[in-house]
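Input: a single structure, listed below in structure tokens.
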Amino acid sequence: QVQLVESGGGLVQAGGSLRLSCAASGRTLSSYVMGWFRQAPGKEREFVATISRSGIITDSAVSVKGRFRISRDNANTVYLQMSSLKPEDTAVYYCAAATKGLGGREEGEYEYWGQGTQVTVSS
């Protein structure tokens, strides 16, 4: 069992930046493929970015490509650096962990989820 805790959300003006963090309590995340998803009000949760166990391979949604970057350190934390934020990026952001596979864009590929952190971008 992995418990994931997101942090770093908040209120920011359009064009600003935020860095989200996702940490595991009590264990390393090095054996998990990690992903970030988000859910805006009234919408379904959607894929944002994913990173391989090694950190070498990443993938991100078209809507955030070039603005968001996913990364991980050698142990317990995965990051989502968000720049050039837009009001449409407003959502609750979730990190997720997968024990199997190479990581992907589907929620079903991830077994463990955090509680989410709110990101609000004002215009």
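For the pair Arg67 and Ser30, the difference between a 0.36 nm per residue extended length and the Cα-Cα distance amounts to 10.8 nm.
Taking the DSSP beta bridges with both ends in the chain, the antiparallel portion is around 90 percent.
Give the residues of the stretch 1-29 whose amide nitrogen is closer than 16 Å to a point set 7 Å from the Cα of Gln81 in the direction of its Cβ. Residues 16-22 fall inside that zone.
Using the Cβ atoms and a cut-off under 14 Å, what net charge is assigned to the surroundings of Pro41, where Lys and Arg are +1 and Asp and Glu are -1? Each step should come with its number before you reach the end.
Numbers: positive: Arg38, Lys43, Arg45; negative: Glu44, Glu46, Glu88, Asp89.
Result for the neighbourhood of Pro41: -1.
Sequence neighbours fewer than 8 away in the same chain don't count; with that in mind, list the lysines whose C-alpha is under 17 Å from Lys86. Of all the lysines, those that pass the test against Lys86 - Cα under 17 Å, at least 8 places apart if same chain - are Lys43, Lys65. Annotation for Ile56 and Gln3: the two label points, set 7 Å from Cα along the Cα-Cβ direction, are 3.4 nm apart.
Tell me, in nm to one decimal, what length is gained between Ala14 and Arg105 on full extension, where the rule is 0.36 nm per residue of separation less the Cα-Cα distance? Walk me through the numbers before you get to the answer.
Working: separation 91, 0.36 × 91 = 32.76 nm, distance 2.61 nm.
Value of the extension gain: 30.2 nm.
Given q = 0.12, 0.14 Å⁻¹, what are the Debye log10 I(q)/I(0) values for the chain, with equal point scatterers placed on the Cα positions and solvent ignored? Each listed q corresponds, in turn, to -0.37, -0.51. Per residue, the solvent-accessible area of the stretch 1-115 (1.4 Å probe, heavy atoms of protein chains only, all protein chains present) comes to 52 Å².
Tell me, what % of the accessible area of the chain is carbon and sulfur with a 1.4 angstrom probe?
Numbers: 3040 of 6340 Å².
Of all accessible area on the chain, carbon and sulfur atoms account for 48 percent.
Amide H to amide H distances under 5 Å link Tyr112 with Ala97, where only residues 5 or more positions off or on other chains count and H is placed in the peptide plane.
Less than 15 Å Cβ to Cβ from Ala23, Lys/Arg counted +1 and Asp/Glu -1: what total charge do the surrounding residues give? That works out to +1. Against the empirical curve 2.2 N^0.38 Å, the C-alpha radius of gyration of the stretch 1-64 lands at a ratio of 1.26.
The values are calculated or read from the model by the stated rules, or taken from the named source; none is laboratory data. Everything numeric here is computed off the predicted structure, so don't read it as measured data. Glycine gets a Cβ as well: all are built from the backbone with ideal geometry, and neighbour counts include every protein chain shown. All accessible areas refer to the heavy atoms of the entire protein, side chains included, with ligands and DNA or RNA removed. Shrake-Rupley method; radii C 1.70, N 1.55, O 1.52, S 1.80 Å.
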